[in-house]
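The values are calculated or read from the model by the stated rules, or taken from the named source; none is laboratory data. Because the structure is predicted, anything quoted here is derived from the model rather than measured. Reconstructed Cβ throughout: ideal geometry from the backbone, glycine too, with neighbour counts over all protein chains shown.
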Amino acid sequence: MSTETAVSPELARVQGKALFQHLLLPIDGSDLSLRAFSMGLELARAFGAKVLALHVVPPFNSIAYMAEILSAAELSYSKQAVQIATGYLDEAKKLAKAAQVPCECHYAFGERPHEAILDAVREHHCDLIVMATHGWHGLNRLTLGSETQKVLLQSKVPVLVRR
């Protein structure tokens, strides 16, 4: 099974206008998300579109009665989380540059990644989301949830899922 993405010039342009002009490519640093990112870059190149790479950082959750102790830990966590996000996004920039696709990169703190993804779609006027699914089944899916599934159910724009 080939994972190459082929888009005919006729499909890429409908009545002189690109079918998609701004793709949102969420990344979480996993191999799966990077493969979906690469697929999104191929599509963007075929459509002559630009991309927005987004990494959602989970917030530091603290317990109220240990606020003083945990505030220092939260600051340390936030700094480290931003460094990690920056590393993921730097990799995204390199891949986009190699594919000759204009790429803007952002990170956002959020407890619910699907909401941050949908907010980015609205804020940046994206017209396609390309994202990965981890393919969890059974109890893992129930307990961990599926951000991809939540995006699929709530998105107003098309979502292309790569497994």
> Given the conditions (1) at pLDDT below 95; (2) exposed (fewer than 12 other Cβ atoms within 10 Å of the Cβ); (3) farther than 20 Å from HIS134 by Cβ, and given that VAL7 satisfies all but one, which numbered condition is not satisfied?
Replying inline: (2)
> So which residues in the range 25-62 are in a strand (DSSP E or B) and either touching an Asp or Glu at 6+ places or on another chain (Cβ under 9 Å) or among the polar types (S, T, N, Q) (or both)?
Replying inline: PRO26, LYS50, VAL51, LEU52, ALA53, HIS55, VAL56
> Tell me, which helices (runs of 4 or more DSSP H) lie completely within the range 81-163 with 3 or more residues that are at pLDDT 95 or above and within 21 Å of LEU43 (Cβ to Cβ)?
Replying inline: 113-124
